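The values are calculated or read from the model by the stated rules, or taken from the named source; none is laboratory data. Remember, predicted model here, so these are calculated numbers, not experimental data. Every residue, glycine as well, gets a Cβ built from its backbone with ideal geometry; the counts of neighbours run over all protein chains shown. Note: accessible area is taken over every heavy atom of the protein model, side chains too, but ligands, DNA and RNA are not part of it. Shrake-Rupley method; radii C 1.70, N 1.55, O 1.52, S 1.80 Å.
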Amino acid sequence: RSCSGFFTSTRSCTPNQMLSTMPPRATIALLLASACQVSCLVLQAAGARPRAVVASRCSPAMSMEEGDAGVGKCKWFDVQKGFGFIDVENQEQDLFVHQTDIKAKGFRSLAEGEALEFKVSRDAKTNKLKAIEVTGPGGDFVEGAPREPYYDDDGY
């Protein structure tokens, strides 16, 4: 098959043939997307994580869906309120986590920066994605935040 136009099958086209048949705007967009993908790969190879503006302009992050498994680190967790957010690896958006979804011995909490594994679910009330079955690496218990000592009014 020959490469006769932009909307035809590109399986038999060489990259140069494909670019020559594309409208100019599409060609520019494709070249910019390719440059961003290379930039992201270079950043990742160097150990950096493309984030914020860079990540939004690089190849689209895989969007998480209900039922997906994920990994990330605890961004922050409020021990008194029992919830926080997970900075999900290779994602732009953080995931909400409630203490009832954490696998821990005793007091359920997360330490800031703690490595985590989890599954993604959709909250019935808010219809937003949240983390469930939150564990440490390998399915182990989470470390959790250090507990502050409790003192009553008498200081004991």
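Given the criteria surrounded by 15 or more Cβ atoms within 10 Å (Cβ to Cβ), assigned to a loop (DSSP other than H, G, I, E, B) and at pLDDT 95 or above, does Leu110 qualify?
Values: surrounded by 15 or more Cβ atoms within 10 Å (Cβ to Cβ): yes; assigned to a loop (DSSP other than H, G, I, E, B): yes; at pLDDT 95 or above: yes.
So Leu110 passes the test.
Looking at the range 108-118 only, could you name the residues that are over 13 Å from Glu89 (Cβ atoms) and touching a helix residue (DSSP H, G or I) at 6+ places or on another chain (Cβ under 9 Å)?
If the condition is that a residue be over 13 Å from Glu89 (Cβ atoms) and touching a helix residue (DSSP H, G or I) at 6+ places or on another chain (Cβ under 9 Å), then Arg108, Ser109, Leu110 are the ones that fit.
If Leu116 meets every condition in (1) assigned to a strand (DSSP E or B); (2) farther than 27 Å from Ser63 by Cα apart from one, which number is that one?
(2)
Taking the condition of being assigned to a strand (DSSP E or B) and under 22 Å from Pro149 (Cβ atoms), how many residues in the range 75-89 meet it?
Step one: of the range 75-89, the residues assigned to a strand (DSSP E or B) are 75-78, 83-88.
Narrowing the set further to residues that are under 22 Å from Pro149 (Cβ atoms) leaves 76-78, 84.
Going through the range 75-89 one residue at a time, the tally reaches 4.
Could you run through the range 73-96 and say how many residues are under 16 Å from Pro137 (Cβ atoms) and surrounded by 17 or more Cβ atoms within 10 Å (Cβ to Cβ)?
Filtering the range 73-96 down to residues under 16 Å from Pro137 (Cβ atoms) leaves 73-74, 86-89.
If we keep only those that are surrounded by 17 or more Cβ atoms within 10 Å (Cβ to Cβ) as well, we get 74, 86-88.
Of the residues in that region, 4 qualify.
I'm trying to understand the selection: among the residues of the range 97-107, which are in a loop (DSSP other than H, G, I, E, B), open to solvent by 50 Å² or more (accessible area, probe 1.4 Å) and either of a type in the set (Gly, Ala, Ser) or in contact with a strand residue (DSSP E or B) (Cβ under 8 Å, 6 or more places away or on another chain) (or both)?
Keep residues of the range 97-107 that are in a loop (DSSP other than H, G, I, E, B), which gives 103-107.
Then drop every residue that is not open to solvent by 50 Å² or more (accessible area, probe 1.4 Å), which leaves 103, 105-107.
Once the filter is applied, which keeps residues that are in a loop (DSSP other than H, G, I, E, B), open to solvent by 50 Å² or more (accessible area, probe 1.4 Å) and either of a type in the set (Gly, Ala, Ser) or in contact with a strand residue (DSSP E or B) (Cβ under 8 Å, 6 or more places away or on another chain) (or both), the range 97-107 yields Lys103, Gly106.
List the pairs whose first member sits in the range 108-135 and is in contact (Cβ under 8 Å) with a residue 60 or more places away in the chain, whose second member is of a type in the set (Lys, Arg) and open to solvent by less than 40 Å² (accessible area, probe 1.4 Å), and whose Cβ atoms are under 8 Å apart, counting only residues at least 6 apart or on separate chains?
Short answer, once both residue conditions are applied: none.
Specify the residue that is modelled with the lowest pLDDT; the eligible residues are those in the range 133-156 that are more than 17 Å from Ala69 (Cα to Cα) and surrounded by 10 or more Cβ atoms within 10 Å (Cβ to Cβ). Spell out the reasoning first.
Here is the first cut: in the range 133-156, the ones more than 17 Å from Ala69 (Cα to Cα) are 143-156.
Of the ones still in play, those that are also surrounded by 10 or more Cβ atoms within 10 Å (Cβ to Cβ) are 143-145, 147.
Details: Glu143: 92, Gly144: 92, Ala145: 89, Arg147: 74.
My answer is Arg147.
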